[in-house]
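Encoded as structure tokens, the structure appears first; notes follow it.
The values are calculated or read from the model by the stated rules, or taken from the named source; none is laboratory data. Predicted model, so just to flag it, every value in this text is computed and none were measured. Neighbour counts are summed over all protein chains in view; Cβ atoms, including those assigned to glycine, are modelled from backbone coordinates with ideal geometry.
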Amino acid sequence: MALQGSLLDQIDDVGLRPLVGAIRRVELTRGAWIDLRPGWLTGADELFSRLSLGGSAGVDWQGERRQMYDREVATPRLLRFYHAHETLPDPVLTQARSALSAHYRGELGEPFTTAGMCLYRDGRDSVAWHGDRIGRSNTHDTMVAIVSIGQPRTFAMRPVGGGASIRHTLGHGDLIVMGGSAQRTWEHAIPKSSKATGPRISIQFRPYDVR
């Protein structure tokens, strides 16, 4: 996998920029909203290098197979889910989870506890339209915060049942937070790309019992 680094993030030190005063909220429909914070994580290319190595040096990426109609197929991305009791693979991810928990404490009412990761190796890797509805998010408002590092990719959202979609290009340390009823009333996806596209890692922070 070859990552084309960002000319706007030539910082070796991996860290976090402020959230307060830098987030833009976009109200959607039916009680859903998203927050956007471009370039929240500095040194995003360096963090991508650390996490993408695999094995003891990075994330132990895992493939999955799922039943698709009459055959079993490989999931078009690599995955790793960190439960609340597991140590995250880089200190900055623990810092990010704590910073998000502190910033959204008043609205969310609880901390972010888990971290899911997806590695999209090229434009052929994707995730279909879905909502994170396993657990309490199937019936209650919640939040899912996603940090994107690596090659920017389209992050698409659309209302459940049809309607115009919205699209944001996220990568190189950008943050998006989906809140309110977003997991129940909207869907999100990473579409496939026919263009030559480098690898991307998505880091998803969620509260307990949201998947």
Right, residue 51: part of a loop (DSSP other than H, G, I, E, B), modelled with pLDDT of 75 or more and under 19 Å from the mean Cα position of the chain (by Cα) or not? no
Go through region 78-129 and count every residue that is of a type outside the set (Asp, Glu), assigned to a loop (DSSP other than H, G, I, E, B) and free of Cβ contacts under 8 Å to residues at least 24 places away in the same chain. 3
Can you tell which of 131, 123, 116 is modelled with pLDDT of 95 or more, closer than 21 Å to residue 96 by Cβ and of a type outside the set (D, E, K, R)? 116
Enumeration of residues in region 134-153 that are surrounded by fewer than 16 Cβ atoms within 10 Å (Cβ to Cβ) and closer than 14 Å to residue 187 by Cα: 134, 138
Are any residues in region 188-203 closer than 21 Å to residue 133 by Cα and buried (at least 20 other Cβ atoms within 10 Å of the Cβ), and if so, which ones? 188, 190, 202, 203
Quick check: is even one residue across region 160-171 surrounded by 19 or more Cβ atoms within 10 Å (Cβ to Cβ), of a type in the set (Gly, Ala, Ser), under 18 Å from the mean Cα position of the chain (by Cα) and in a loop (DSSP other than H, G, I, E, B)? yes
Does residue 184 satisfy being part of a helix (DSSP H, G or I) and of a type in the set (Lys, Arg)? yes
Sole miss for residue 88 among (1) of a type outside the set (Lys, Arg); (2) out of contact with any Ser or Thr (no Cβ under 7 Å at 6 or more places or on another chain); (3) under 21 Å from residue 171 (Cβ atoms); (4) surrounded by fewer than 20 Cβ atoms within 10 Å (Cβ to Cβ) is condition (2)
If I ask for residues that are in contact with a Pro (Cβ under 7 Å, 6 or more places away or on another chain) and under 26 Å from residue 12 (Cα atoms), which ones from region 137-194 would you list? 150, 151, 154, 169, 170, 171, 172, 174
All conditions in (1) among the β-branched types (Val, Ile, Thr); (2) assigned to a strand (DSSP E or B); (3) modelled with pLDDT under 95 are true of residue 203 except (3)
